[in-house]
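Remarks on the structure that follows.
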Amino acid sequence: MSTTRSVALSALNIVTHPHTSSGYVDLFADARKLKQSVKIWGDTHGMLWSWFDLEEDGEIYTGEVFTYSEIDMDQDWLDLAKGEAATAKQRAEITIPEHLKPQFKQIRFAFFPASHLWVFCEENAPDGSLGVSRMKIFLERLLNDRALLEGRKFTRVDVRLVQSKETIEQIFEEIEVKTLEILVLKPNDDSAGKAHQTVEEELEDENVSSYFIKKKAEPGQAIKPNESTIRYMDEAANNGYVEATGPDVKTGQKRTINTQAHPLVQRFEYDSRTGFLDFFVEAATKLAKKAKKKLRERTRDKNDEDDDSKN
């Protein structure tokens, strides 16, 4: 019997202004101490249960988010034997200890303070997974708790979708782009020192929190992005979005591609006979590096792979 399984990982970008690596670490450490139950959707709640420095070097933190169902005992109950609503007497006989919760799942995560990326099990993990949109809701509600933000230098924590840069590349392979929209939200100044070359510094210099670009092609022409536009699209993949509209190159039918509909999700295979944590940390590290890779770097790597395959 095969012992190979696959698990899908995804990532979210955690952003505060101002920010430091230690500030993120303190934020999550304090959030764990709160043991705050956060409603995610419906009856499903979540809690940041564990948080620890993996190698005690401050580079990678890991832990688990617990999810479970919070039962509303005041709702109507069904008596399956009779096919009717349970009586008040029957409901009064139901006793579930407050500390016991059903539908329990454990979602493993890794956090990289330097790049402020949160990588987690998005699908098919052995102990539990959580979809991208629901993990985003959980973190937004958890990290923006009033008690957690009290006394900090920032008043809000942004949780941003990390989008697939392959999708940006596909836009210009699959569509004759007639209109191009790019929204860049103010990112962290991780590239400080590259004077006048980064989107971060441009927004910082002008006291701008977001930058929206909309371009329209000349009649009968398609947009061909230059270096500056590529730079903004690259930043938008982690802090904003890119949307392109135009006829499909094969069918001629109008298409719209928005990167927000294409989060960065990658599958990794592992041997289920081995420990999951070691595998997960290695896979999460690879995904975090991929999320930070620039579009031009990706294109060069792809061209090198194509050249190698020809030799």
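The values are calculated or read from the model by the stated rules, or taken from the named source; none is laboratory data. Bear in mind the structure is a predicted one, so any value in this text is a computation, not a measurement. Positions of Cβ are generated from backbone atoms using ideal geometry, with glycine treated the same way; all protein chains shown enter the neighbour counts.
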Can you find even one residue in the stretch 154-171 that is over 23 Å from the mean Cα position of the chain (by Cα) and either farther than 30 Å from Lys216 by Cβ or buried (at least 19 other Cβ atoms within 10 Å of the Cβ) (or both)?
-> no
All conditions in (1) without any contact (Cβ under 8 Å) to a residue 12 or more places away in the chain; (2) buried (at least 18 other Cβ atoms within 10 Å of the Cβ) are true of Thr16 except (1)
Any hit, the stretch 114-125, residues being part of a strand (DSSP E or B) and either out of contact with any Phe, Trp or Tyr (no Cβ under 8 Å at 6 or more places or on another chain) or without any contact (Cβ under 8 Å) to a residue 40 or more places away in the chain (or both) | yes
In the stretch 56-72, residue farthest from the chain's Cα centre (by Cα) [restricted to those that are in a loop (DSSP other than H, G, I, E, B) and surrounded by 10 or more Cβ atoms within 10 Å (Cβ to Cβ)] | Ile71
Quick one: which residue in Thr62, Thr16 is closer than 19 Å to Glu140 by Cα, at pLDDT below 95 and touching a Lys or Arg at 6+ places or on another chain (Cβ under 8 Å)?
-> Thr16
Of the numbered conditions (1) surrounded by 14 or more Cβ atoms within 10 Å (Cβ to Cβ); (2) in the same structural domain as Arg231 (by TED's automatic domain parsing), Thr256 satisfies every one except a single condition; which is it?
-> (1)
Does Asp43 meet the test of being modelled with pLDDT of 90 or more and surrounded by 14 or more Cβ atoms within 10 Å (Cβ to Cβ)?
-> yes
Picking from Phe28, Phe109, Phe66, which residue would you name as being among the aromatic types (Phe, Trp, Tyr) and touching a Ser or Thr at 6+ places or on another chain (Cβ under 7 Å)?
-> Phe109
